[in-house]
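Following: one structure in structure tokens, then a few remarks.
Please treat every number below as a calculation from the coordinates, not as lab data. Note that the coordinates shown come from a computational prediction; the quantities given were computed from them, not determined experimentally. No Cβ is skipped: glycine too gets one built from the backbone with ideal geometry, and neighbour counts run over all protein chains shown.
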Amino acid sequence: MTVKLELLRLGSRGRLLVGALLALTFAGGVSAEDNPRDPYEGFNRTMFSVNEAVDKALIKPLGQAYDKVAPLPVKAGVGNFFGNTSDLWIGVNSAMQGKFSDAGIDAGRLLINSTVGILGLFDVASELGLEKHDEDFGQTLAVWGVADGGYLYWPIIGPRTLRDTAGWGADSFADPVRYVRPVTVRNSMSALRIVDIRASLLPADKVVEEAALDKYAYVRDAYLQRRRNQIFDGRPPRLDD
């Protein structure tokens, strides 16, 4: 009964991840791929293909339509608004990582953009020299010494590691949009954010298609390299040869 109640509280995305984790745990015991950074490659490639199909059929066309129809100031305002909603949690993660100066800047950004910037529609803080940071709970766990646990490609949410999957769960619960009511408004905001993010990634599509003989491996390696740079704030130590 307790397990059932917890699954209900997780919501549909949480139940999807739990089910996938169970399947992954079973599959991982049966076979492991040769790449130690990608021990669940069979599962990951299947999920990558599913996501590619969903993106091609639905999400990418919506992103293309939005990019074509929405004026540049509107797209900038939407991106700024959702960026502003993340600054509080970014500040919390900066503090948890011991970056107290950055946390102060994050708090200042939130205050300035939520007021002078009209609920974040205008990024006034950046114009004043307050740099936007990019911190999340997955990075916090890494700073605390939690190992990445291997690469995963999840349905819907895309590439993560086991550590970043746990971080994503915490980030989701801390997302202010999650608590917007009524639910119809919350869902509309979530959908708009997804479409806005997808539209911002359109220029990268051609680069990936032209550069990658194996698109899955290209995305995986790019994700792992980017996360490493984020964790070490752009100054990662050299890897052993």
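Side notes on the structure shown:
- Among GLY104, SER86, LEU128 the positive-end extreme of the charge dipole of region 71-134 (Cβ point charges): SER86
- Note on region 71-134: Cα convex hull, mean projected area over all directions, 3.8 nm².
- Computed Kirkwood radius, in angstrom, where 1/r is averaged over Cα pairs of the chain: 19.8
- Simple Cβ-charge dipole of region 149-220, Lys/Arg +1 and Asp/Glu -1, about Cα centre, in debye nearest 20: 300
- Evaluated with a Cβ-only charge set (Lys, Arg +1; Asp, Glu -1), the chain carries a dipole of roughly 820 debye about its Cα centre, given to the nearest 20.
- Footprinting exposure proxy for LEU119, LEU141 (fewest neighbouring C-beta atoms within 10 Å first): LEU119, LEU141
- Between GLN225 and THR46, the distance separating the two model label sites (each 7 Å from Cα on the Cα→Cβ line) works out to 3.0 nm.
- A simple spin-label model places the labels of GLU209 and VAL116 4.3 nm from each other, with each point 7 Å out along Cα-to-Cβ.
- Taking the Cα centre of region 71-134 as reference, the dipole from Cβ charges on Lys and Arg (+1) and Asp and Glu (-1) amounts to some 100 debye.
- Mean separation of Cα pairs under 8 Å and 6 or more residues apart, divided by the residue count, gives the chain a relative contact order of 20 percent.
- Extension gain from SER188 to ALA57, taking 0.36 nm per residue of separation minus the Cα-Cα distance: 45.2 nm
- Positive dipole terminus of the chain, leading residue within GLY77, MET189, ALA222 (C-beta point charges): MET189
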